[in-house]
Each structure stands twice: as structure tokens, then as C-alpha cells.
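Read through the structure below, which is laid out as C-alpha cells, and then see the notes.
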Amino acid sequence: MAPTKYPDLTSFKALSFDCYGTLIDWEAGLIKSLGALTSQLPASDPHNEDPPVAAMQKFDLAIVDIQKRQPHLLYNEILVAAATRLAHELGITALSDSIAEPLGNAPGTYPAFPDTVDGLRRLKKYYKLAILSNIDNINMKSTIERQLEGVDFDGVYTAQEIGSYKPDPKNFEYLFGHARKELGIDAEKGELLHVARSLKVDHVPCKALNLRSVWISRGADQGGHGGIVKDELNEFKDSVGFEWRFDSIGDFADEVERQFKAKQSA
């Protein structure tokens, strides 16, 4: 039998997932959403490039700042506030509700990565599945009913229910408590594995809380648009401790299947 390439994945009973950026193509959706705003700029404006990298980065910074200052706001409200702030910063004085308001509920329309649904269905054969997301309930409901249709999640936990945003440890503590109470999963006994793309939002608190984790890189170490970029690996290299790294959920599911089959045949 060939030696196992990765640490053992067969001892876990449940997986918790970040959703947007990990399961859902956040960058592709955001590029489309922000296009309605940046298209109002002159063609020569650097924020009107395709893709609008600079605008996406500023938008992300605005989101993080608003989350810290007003953690009581729902995520769709934060998106509208961030769009309004970005428009003001870019000199777009006539930002209409027809642009700002739809952006707040746009995440519920963002596409899943092509490997996501099939990968999750295969993983469901071996684990209970949960989502831990910074999103609001309206967007999450739309995503689960449409983009993630046919995937049976055992638990879905949003920032709206929790009252704070990752990387706040309270979000993970909420996950631990509800996983134990609702799913019969004890994170303290090593029964839960977290799966996410974001180093700052997910993997930093995972290490701090001794929660083992899988990095779904989505090519992020090779660069990116508004999400993780190669420099973030250097920024957080001493603050993360993920033990597995895959480019996609599909690749992760392949390895899980390989390990369980090897274990059964041993």
C-alpha cells in the first residue's frame, strides 16, 4: 500500500465550512456586483479596470472596518454601507438605490465553484456537514436553496445568529456549542475539522482555538483579485496551523475517499 500523502482524515466525525470564498465563488460574484458601481467612473480611471482589483481591495477594507465599528449590522447592510463608502471615496456622488441595495443581497446569487456540490455530496458519506459564515440569513438561505441545492447540511450558523463576525472567537465558540448540542459532535475531543479559504478570518482563529483545519487555497497562493493573495501567506505564516492544503473541495473529497477506502481495505 502506498504511504498516505496527508495526515489522517478518517478520525473526524464532522466538517465545518466557511461558505463564501470556499464553497461559493465570492470573487467572481463581487466583480460582477461592483461593476455596476465602477462602470460609472471614466474609462481611464484605474478603479474601472477589468477585473476591478483596486476597487475590490478598498471594498474589502471598508467591510472589515464596518464590521468592527458596527458588529450589530447584518452582512447585507454592511455591504450596502461599504458600497456607499466606496462610492464616496471614488467620487461617485450619485449612488442610486438601484445599485447599492441589490449589492447587499447579491451574495445569495453568487455561483458555487464547479467542484463544490459534487465534493460536498461525497464528503457527506463520511461526515456531518456544517457551515459557519459571516453572512446574513437571507443570503445564506438563497445560497443553500439554489447554488448548494441537494447538499444536506446538518447545521448552518451565520453571523446574524451569533451577533459577531469571524475572526472573533465567539463565532467558533458558538459553533462548538451548537455542534455539541445539535449534532452530537465534540470539538474538544477532536471530532470537528474546519475547512476554509481565508487565512485571516478562519485559519488564524482555528490555530488560537486548537481547531484542526484544512486550507482550500483556490490558487490563492499564486495571486488573486479581492481575496487572499500570496503576501497573506507571509503575513500570517506564524498564526496559522492548517495541516491539509487542497486547491478545491473536489480535491479534498478525492483524498477523503482515498483514505477511507484504504482504511477499509487494510
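The values are calculated or read from the model by the stated rules, or taken from the named source; none is laboratory data. Note that the structure is predicted; figures quoted are calculated from it, not measured. Every residue, glycine among them, receives a Cβ derived from its backbone with ideal geometry; neighbour counts consider all protein chains shown. Note: areas computed on protein heavy atoms with side chains; ligands, DNA, RNA excluded. Shrake-Rupley method; radii C 1.70, N 1.55, O 1.52, S 1.80 Å.
Here are the numbers for this structure:
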| read-out | value |
| --- | --- |
| Residue that is most open to solvent (accessible area, probe 1.4 Å), among those in segment 10-45 that are of a type in the set (S, T, N, Q) and within 25 Å of E149 (Cβ to Cβ) | S33 |
| Qualifying helices (runs of 4 or more DSSP H) (wholly inside segment 99-182; at least 1 residues being open to solvent by 20 Å² or more (accessible area, probe 1.4 Å) and in contact (Cβ under 8 Å) with a residue 60 or more places away in the chain) | 116-123, 137-145, 159-162 |
| Members of segment 46-56 found to be of a type outside the set (A, V, I, L, M) and surrounded by fewer than 18 Cβ atoms within 10 Å (Cβ to Cβ), listed by number | P46, E49, D50, P51 |
| Top-ranked residue of segment 198-221 - restricted to ones that are assigned to a loop (DSSP other than H, G, I, E, B) and touching a strand residue (DSSP E or B) at 6+ places or on another chain (Cβ under 7 Å), ranked as farthest from V240 (Cα to Cα) | S217 |
| Single condition D115 does not satisfy, out of (1) in the same structural domain as A220 (by the TED database); (2) within 24 Å of P167 (Cα to Cα) | (2) |
